[in-house]
Amino acid sequence: MTLDIILVFTILGAAILLFITNWVRVDLVGLLILGSLAIFGLVSPSEALSGFSNPAVITVWAVLILSGGLARTGIASQIGRFVLRLAGDSEVRLLAIVMLTSGILSGFMNSIGVASLFLPVVIDIARRTNRPPSRLLIPLAFASLLGGLNTLIGTPPNILISEALTNAGLEPFKMFDFAPVGISVLLAGTLFMILFGRHLLPKRDITRDLGKKSRTDVADLYHIKERMAFIKLPQNSSLDGKSLLKSRVGSALELNVITVLRDDETIMAPKPDFILRSGDRLLVEGQLDRLFELHDHNHLVLEKEHLSFEKLFSADVKLAEAQVISGSSLVGLTLPHAAFRHKYGVFVLAIRRNQTVFYTDLECITLLEGDVLLIKGWAEDLAQIKSDDDLILSVPDSVQDYHLDDLLMITRVPEKSALVGKTLLASRLGDAFGLSVQGIIRKDTSELMPSPEEILQAGDTLFVKGSQEDLLTIEGLQNLEIETQSEPDLSELETEETALLEAVLSPHSTLAGKAARELNFRAKYGLTILAIWRGGRAYRSHLRDMKLQFGDALLLFGSRRRLQMFGTEPDFLVLSEEALPAPRRNKAPYALLIMALVLIPVILNWLPIAISAVAGVALMILTGCLQMDEAYRLIEWKVIFLIAGMLPLGIALDQSGAAQLIGDSMISLIGDAGPLAVSAGLFLLASLGSQVMPNPAVAVLLAPIALSTAAELGISPYPLMMTVAVSSSAAFLSPVGHPANLLVMGPGGYKFTDYIKVGLPLTIIVMVIFLLELPFLWPF
């Protein structure tokens, strides 16, 4: 084994580990592979970058855009709606039509695009026929994967395998060379689902409308009712005249205000700037423990003694000004996003921008070049900042210019305070109430730089930066009256003006990994997240800080106008046809003609698929079927960078001899059993790999191995390459195996085990059907 082979295997092993663990984004893994191969000299610089100009990569992004053109002009949805309505009330007929229709369309559209397009259609039809969507959504996802095997452009692995043949000097697969295999496995998969698979699926419905007889089903499934209560502002409440945002009912109590009852008036889905009045009754949803905790005990007691600014620093704790310089990495970030406290170990007391000084809600301010931060910290920490590349440290001319005395208070933690025993971080005095604890006096000892992990004790005296209004807000929250007799009526949530809606992250979303608090969700979209369905269960508390994931289903509440606008957001896919944006139906004939102009030259061998597809993209945009910004959003850049980074690894596997070594090992293990056994081994290897790795990566890795194995056995490479193409798309065993699987997980209310129960027998059936017909379709 040569050094080059050892290096290639090391890089390959590291890549597989990163794919499995998800420690690093898959597109970044691709770039790391590309860079590593070039640095170690395993491929030349031009070979390392060849993936970005590879015809397969160009074809993949062009097909994604063409698929989007068919979807945006309403062609695919019209076909789907028309065909699905033929199913009537029969579950068997509905299941068959869902799978066959989505499977056929997946041959000409991206699989995830077909699943996204059919998702709201199937849910609406399931609702109208009173059937659980969970009986239809996994079949929809699986059919979109099976249907992609029908044509060259159906899935990225098909395109990549065909291009690998071209690079090896062989005749590539043509447009419909995959059809005999694809059609047979699609029919077999559909028959399996009808006869056996549907009985293995759960009967779970989280998507029914509210209002009819079953209108509370979705809310019941999310267990919303047990997290709802009425609270009332007493007379002379200190919250009177405050906006809903300033009242901190949301940030401090983590409650969603659904409705406000005022005299004979009902205000549904109040906006953040809605002004509260004494006597208002608020229907709230969320974890009520914090409300009861705050209601039963005083949090803090305000002392009458005035706190002088000089008490905040000492010989060891100093004040300084830090200016954000030009080109600083802090520009465009908030203090939490920059991890400012963790990085520098200091408190930020104020931010001065030109002539304006900000004192409160500093964590929400985006830093700009030239901002001056008044900071407090240990002398040694401040000294280290002097050598920092992002800030210029200086001694303030006069701290009195900041007028902080009016914002400093002395408070005491009473004996039965709910804060006793909590850390400063867990107390949420900062993010919930806008109060910054600048020091703690405890039994004649003082701590002027308290750690977030400092545990509060009864009798502690706190030096607090905030406003009297913030303390009055706490008092107002403590005095809220909790009504235990009133029973919320969930059917009243949906009116002519307000409604509930479910949505999932779209496949092209950039919001995965971000929390609602970071997105400023309520203010940006005007909607309230009531619950998140994830992994087979509903989450109803701490939603502001839950990072969104692909596969989540969000239960939203708000005005119908806002919900309709939400349907146009590219980062979300709403699960109701009513809220979807209107398609450009007048452009549908152009889109059909363009797809014909793309496919015919390829079928007749007049043009390479990459050139024909790119020309089709240009025509889609020129004719107005798509706008240019929509085309950019349709490209799954993560997949493009992944494939472009993985292709050089395929070159390295071939040139280093690693592919031949793996092929020889496979032959020594199962070669005596014949080429069909080798095909079975490749199928198992690729299908298992696709459960934990992106299927384009599996295809790229196994293509050179299949070619080397075929050469060693002296057989045709086509059956082995077809095996890799088909098995790379057999990702049925887990929700993370393919984005289409993940897309339906939340709306279907599926658990991880649901995929295994249905996917395992389907994988075996696809494998058996494929191996039986392989020698006849592609002789060895």
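The values are calculated or read from the model by the stated rules, or taken from the named source; none is laboratory data. Treat the numbers as computed from the prediction; the structure is a model and nothing was measured. Note that we place each Cβ from the backbone using ideal geometry, even for glycine, and neighbour counts take in every protein chain shown. With ligands, DNA and RNA removed, areas are computed over all heavy atoms of the protein, side chains included. Shrake-Rupley method; radii C 1.70, N 1.55, O 1.52, S 1.80 Å.
Does D273 satisfy being at pLDDT below 80, outside any helix (DSSP H, G or I), among the charged types (D, E, K, R) and open to solvent by 10 Å² or more (accessible area, probe 1.4 Å)? For D273, the condition - at pLDDT below 80, outside any helix (DSSP H, G or I), among the charged types (D, E, K, R) and open to solvent by 10 Å² or more (accessible area, probe 1.4 Å) - is not met. Any residue at all in the stretch 56-79 that is in a loop (DSSP other than H, G, I, E, B), modelled with pLDDT under 90, open to solvent by less than 10 Å² (accessible area, probe 1.4 Å) and not polar (S, T, N, Q)? Within the stretch 56-79, one or more residues are in a loop (DSSP other than H, G, I, E, B), modelled with pLDDT under 90, open to solvent by less than 10 Å² (accessible area, probe 1.4 Å) and not polar (S, T, N, Q).
Looking at the stretch 415-425, can you tell me whether even one residue there is polar (S, T, N, Q), at pLDDT below 85 and open to solvent by 20 Å² or more (accessible area, probe 1.4 Å)? The answer is no, given that none of the residues of the stretch 415-425 is polar (S, T, N, Q), at pLDDT below 85 and open to solvent by 20 Å² or more (accessible area, probe 1.4 Å). Could you list all residues from the stretch 706-741 that are farther than 18 Å from L642 by Cα, open to solvent by 10 Å² or more (accessible area, probe 1.4 Å) and assigned to a helix (DSSP H, G or I)? Hits for the stretch 706-741 are L707, S708, A711, E712, L713, P717, Y718.
From the list L429, L425, the one residue that fits, being under 36 Å from the mean Cα position of the chain (by Cα), among the hydrophobic types (A, V, I, L, M, F, W, C) and not in a loop (DSSP other than H, G, I, E, B), is L425. Filtering F178, F192, F142 for residues that are touching a Leu at 6+ places or on another chain (Cβ under 7 Å), surrounded by fewer than 24 Cβ atoms within 10 Å (Cβ to Cβ) and at pLDDT 85 or above leaves a single hit, F192. Residue-level check: of (1) within 32 Å of the chain's Cα centre (by Cα); (2) surrounded by 15 or more Cβ atoms within 10 Å (Cβ to Cβ); (3) modelled with pLDDT of 80 or more, A322 misses just (1).
The set of residues in the stretch 526-561 that are of a type outside the set (S, T, Y) and within 13 Å of A499 (Cα to Cα) comprises G526, L527, I529, L530, L555, L556, F557, G558, R560, R561. Residues that are assigned to a loop (DSSP other than H, G, I, E, B), over 30 Å from S417 (Cβ atoms), over 38 Å from the mean Cα position of the chain (by Cα) and in contact (Cβ under 8 Å) with a residue 12 or more places away in the chain occur in the stretch 373-395; there is at least one. Can you find a residue in the stretch 45-56 that is under 23 Å from the mean Cα position of the chain (by Cα) and free of Cβ contacts under 8 Å to residues at least 60 places away in the same chain? The answer is no; no qualifying residue exists. Among the residues of the stretch 327-365, those that are under 21 Å from F433 (Cα atoms) and among the charged types (D, E, K, R) comprise R341, D361, E363.
Restricted to the stretch 536-569, and to residues that are assigned to a helix (DSSP H, G or I) and more than 23 Å from A252 (Cβ to Cβ), which residue is most open to solvent (accessible area, probe 1.4 Å)? So the residue we want is R561.
What is the number of the single condition among (1) under 28 Å from L653 (Cα atoms); (2) open to solvent by less than 10 Å² (accessible area, probe 1.4 Å); (3) among the aromatic types (F, W, Y) that Y750 does not meet? Failing condition for Y750: (1). Pick from the stretch 579-609 the residues that are of a type in the set (A, V, I, L, M, F, W, C) and assigned to a loop (DSSP other than H, G, I, E, B): which of them is most open to solvent (accessible area, probe 1.4 Å)? That would be W606.
When residues in the stretch 472-489 are screened for being at pLDDT below 75 and not polar (S, T, N, Q), 3 of them pass. Looking only at the stretch 94-127, residues that are at pLDDT 85 or above and not hydrophobic (A, V, I, L, M, F, W, C) come to 5 in all. Please verify whether the stretch 286-307 includes one or more residues that are modelled with pLDDT of 85 or more and either in a loop (DSSP other than H, G, I, E, B) or surrounded by 13 or more Cβ atoms within 10 Å (Cβ to Cβ) (or both). No: the stretch 286-307 contains no residue that is modelled with pLDDT of 85 or more and either in a loop (DSSP other than H, G, I, E, B) or surrounded by 13 or more Cβ atoms within 10 Å (Cβ to Cβ) (or both). Taking the criterion of being closer than 24 Å to L117 by Cα, within 13 Å of the chain's Cα centre (by Cα) and not acidic (D, E), the residues of the stretch 534-558 that qualify are R534, L548, Q549, F550, G551, A553, L554.
Residue by residue, here is whether (1) at pLDDT 85 or above; (2) of a type outside the set (A, V, I, L, M); (3) open to solvent by 80 Å² or more (accessible area, probe 1.4 Å); (4) touching a helix residue (DSSP H, G or I) at 6+ places or on another chain (Cβ under 9 Å) holds:
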| residue | (1), (2), (3), (4) |
| --- | --- |
| G332 | yes, yes, no, no |
| Y344 | yes, yes, no, yes |
| V348 | yes, no, no, yes |
| I351 | yes, no, no, yes |
| N354 | yes, yes, yes, no |
| I365 | yes, no, no, no |
| D371 | yes, yes, no, no |
| Q384 | yes, yes, yes, yes |
| S394 | yes, yes, no, no |
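Report yes if some residue within the stretch 522-535 is in a loop (DSSP other than H, G, I, E, B) and within 19 Å of D273 (Cα to Cα); otherwise report no. Looking through the stretch 522-535, at least one residue is in a loop (DSSP other than H, G, I, E, B) and within 19 Å of D273 (Cα to Cα). Only a single criterion out of (1) closer than 30 Å to A38 by Cβ; (2) open to solvent by 10 Å² or more (accessible area, probe 1.4 Å); (3) in contact (Cβ under 8 Å) with a residue 60 or more places away in the chain is not satisfied by L653, namely (2).
When you check E492 against the structure, is it farther than 22 Å from H738 by Cβ, in a loop (DSSP other than H, G, I, E, B), open to solvent by 30 Å² or more (accessible area, probe 1.4 Å) and modelled with pLDDT under 80, yes or no? Taking the combined requirement at face value, the residue does not satisfy it. A search for C-beta distances below 6 Å between a residue of the stretch 115-126 that is among the charged types (D, E, K, R) and any residue that is modelled with pLDDT under 80, counting only pairs 6+ apart in sequence or on different chains, returns D124/E577. Out of everything in the stretch 396-414 that is farther than 16 Å from Y359 by Cα and assigned to a loop (DSSP other than H, G, I, E, B), what residue ends up being modelled with the lowest pLDDT? The extreme case among them is S398.
Considering only residues in the stretch 155-170 that are assigned to a loop (DSSP other than H, G, I, E, B) and at pLDDT below 90, the one that is nearest to the chain's Cα centre (by Cα) turns out to be T155.
Sort through A697, A658, A673 and tell me the only one that's under 21 Å from L713 (Cβ atoms), surrounded by 18 or more Cβ atoms within 10 Å (Cβ to Cβ) and either more than 38 Å from the chain's Cα centre (by Cα) or not hydroxyl-bearing (S, T, Y) (or both). None of the other options fit; the residue is A658. Take the conditions (1) modelled with pLDDT of 75 or more; (2) open to solvent by 50 Å² or more (accessible area, probe 1.4 Å); (3) closer than 24 Å to E254 by Cβ; (4) not small (G, A, S); E447 misses just one of them, which is (3).
Contact list please: Cβ distance under 6 Å, first residue in the stretch 755-778 and assigned to a helix (DSSP H, G or I), second residue open to solvent by 60 Å² or more (accessible area, probe 1.4 Å), pairs at least six apart or on different chains. Cβ pairs passing all conditions: K757/L200; V758/L200; L777/P180. If the condition is being open to solvent by 60 Å² or more (accessible area, probe 1.4 Å), farther than 13 Å from A652 by Cβ and in a helix (DSSP H, G or I), then the stretch 17-44 contributes L17, I20, L28, L31, L32.
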